Amino acid sequence: SCCYLSRRLNQLSSHDPLWKRHCKNYWLISEEEKSQRNQTWKAIFISTYSDLGRYIRYYATLKKAWDDLEKYLGQRCPRMIGSLKESVREEDLDAVEAQIGCKLPDDYRCSFRIHNGQKLVVPGLMGSMALSNHYRSEDLLDIDTAAGGFQQRPGLKQCLPLTFCIHTGLSQYMALESVEGRNKYEIFYQCPDQMARNPSAIDMFITGTSYLEWFTSYVNKVVTGGYPIIRDQIFRYVHDKECVATTGDITVSVSTSFLPELSSVHPPHYFFTYRIRIEMSKDALPEKACQLDSRYWRITNAKGDVEEVQGPGVVGEFPIISPGRVYEYTSCTTFSTTSGYMEGYYTFHCLYYKDKFFNVTIPRFHMVCPTFKVSTARMVSRDAEPNHNEYAVDEDEDSTDTDEYEDRRRVLDIPAPSGRCPRHT
């Protein structure tokens, strides 16, 4: 626009270094790419803007996220990178909007102009989780598959699936309109209300407020090492740096994860899994080698109720720890409150002095249910029948240590079991 005002502004608006900055800031165009195109920076900016101009607020952020993710996973999860689909065209996205009768948010559209999601394969780009008889791996859906799963039924009206797990059927949805108590573009896991007779009574565990925030925060967790890569898969365990305790030469660290597919708001049942790493310093003397005999847990829920559990070994085993060796396993627990914490100790005996026993501290680690929203259908029904026992909630259920269901995890060797993990009460 400036070039039409005066000759001097016309000259300035054609000054290529000014367009270079815009090309790098908005479209992430490199010097190498410019030389391959054999165009001026101004020409590159204009041609790119004619195609992606509506996404100028989002493109650089999402393109960087995709580039960082591909670079990070390229050497660690090559199968996953191979499952990504090429970008889609504007007309393809327009056709989907016409098909579902809803507008797609620009940040979502922009991401699909870079990559059209993922093939329905394992492992899924959006993370995995494995327990002894439960396995989940979420794929990022391509636009056509997502459109095919667009919901208009009560409880999920005008919701578009973003992810899908072929083992559990679990999806994360994005609300395309502000209906049924949801905010527009909110992202969530559905959670059917098991105490309501109305099938449209679906509670929600919130995972994002917009596609941009949801996707970039996930990518940041992956590329900064916040989620561990195990056997070519991203595992969504979160490690708190304070959840580390060292006793002598042995260090115990803990990471945790909330499992929405095994949880419910009504009745209150919040399922968590935790991953424990036991490691002896490589500088320890050989005679410090020892064997784990038993475990002790002190489990406290949000109401302050305490449960103590003691038992032999872990995961049915009595691992030997020696200098430089790591032993890892996963387990799970449930709470009837939205948060709680666990702490305790392991009892070991020395292999060289078998009559010598000692305790190793397990650091306190907290587990907190993500933000959730209660179904509007349930709330309406409850207001109509406030004394109906259909909505009675027993919050005195104890949390339970489920060590007998623990699954061995030796030196990052996690199998991919099938089935469904039982809910323990």
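The values are calculated or read from the model by the stated rules, or taken from the named source; none is laboratory data. Small disclaimer: the values here were computed from a predicted structure and weren't measured. Glycine also receives a Cβ, built like all others from the backbone with ideal geometry; neighbour counts cover every protein chain displayed. Surface accessibility is based on the protein's heavy atoms, side chains included, excluding ligands, DNA and RNA. Shrake-Rupley method; radii C 1.70, N 1.55, O 1.52, S 1.80 Å.
Could you identify the single residue in VAL368, VAL360 that is at pLDDT 90 or above, aliphatic (A, V, I, L, M), surrounded by 14 or more Cβ atoms within 10 Å (Cβ to Cβ) and within 22 Å of ARG295 (Cα to Cα)? The unique qualifying residue is VAL360. For the range 5-32, give me the residue count where each residue is closer than 20 Å to TYR58 by Cβ and not in a loop (DSSP other than H, G, I, E, B). Total meeting the criteria: 7. Scanning the range 208-246 for residues that are part of a strand (DSSP E or B) and open to solvent by less than 50 Å² (accessible area, probe 1.4 Å) turns up GLY208, ILE229, ILE230, GLN233, ILE234, PHE235, CYS243, ALA245. Considering the range 336-357, and only residues there that are within 12 Å of PHE272 (Cβ to Cβ) and in contact with a Pro (Cβ under 8 Å, 6 or more places away or on another chain), the residue that is least open to solvent (accessible area, probe 1.4 Å) turns out to be THR337. When residues in the range 61-83 are screened for being part of a helix (DSSP H, G or I) and open to solvent by less than 20 Å² (accessible area, probe 1.4 Å), 6 of them pass.
Does the range 262-281 hold any residues that are under 18 Å from PHE348 (Cβ atoms) and either open to solvent by 10 Å² or more (accessible area, probe 1.4 Å) or among the β-branched types (Val, Ile, Thr) (or both), and which are they?
Correct list: ILE276, ARG277, ILE278, GLU279, SER281.
Taking ALA130 as the residue in question, decide whether it is part of a strand (DSSP E or B) and among the hydrophobic types (A, V, I, L, M, F, W, C). Yes; evaluated as a whole, the condition is true for this residue. Search the range 79-102 for residues that are within 13 Å of ILE114 (Cβ to Cβ) and pair each with any residue that is in a helix (DSSP H, G or I) when their beta-carbon atoms are under 6 Å apart and the residues are at least 6 apart or on different chains. As it stands, the answer is SER87/ARG113; SER87/ILE114; VAL88/PHE112; VAL88/ILE143; LEU93/ARG109, since those pairs meet every condition given.
For the range 294-303, the condition of being without any contact (Cβ under 8 Å) to a residue 24 or more places away in the chain, open to solvent by 60 Å² or more (accessible area, probe 1.4 Å) and at negative phi holds for none of the residues. In the range 12-38, the residues that are open to solvent by 60 Å² or more (accessible area, probe 1.4 Å) form Cβ pairs under 7 Å with partners that are outside any helix (DSSP H, G or I), at six or more places apart or across chains, as follows: TYR26/ILE56.
Residues of the range 138-163 that are open to solvent by less than 10 Å² (accessible area, probe 1.4 Å) and touching a Cys at 6+ places or on another chain (Cβ under 6 Å): GLU138 alone.
Can you report the number of residues in the range 84-134 which are small (Gly, Ala, Ser) and either over 30 Å from ARG231 (Cα atoms) or open to solvent by 40 Å² or more (accessible area, probe 1.4 Å) (or both)?
Final tally of qualifying residues: 5.
Here GLN310 meets the list (1) open to solvent by 30 Å² or more (accessible area, probe 1.4 Å); (2) among the polar types (S, T, N, Q); (3) in contact (Cβ under 8 Å) with a residue 60 or more places away in the chain almost entirely, failing just condition (3). Restricted to strands (runs of 3 or more DSSP E) entirely inside the range 263-342, those with at least 1 residues that are within 21 Å of the chain's Cα centre (by Cα) are 270-280, 326-335.
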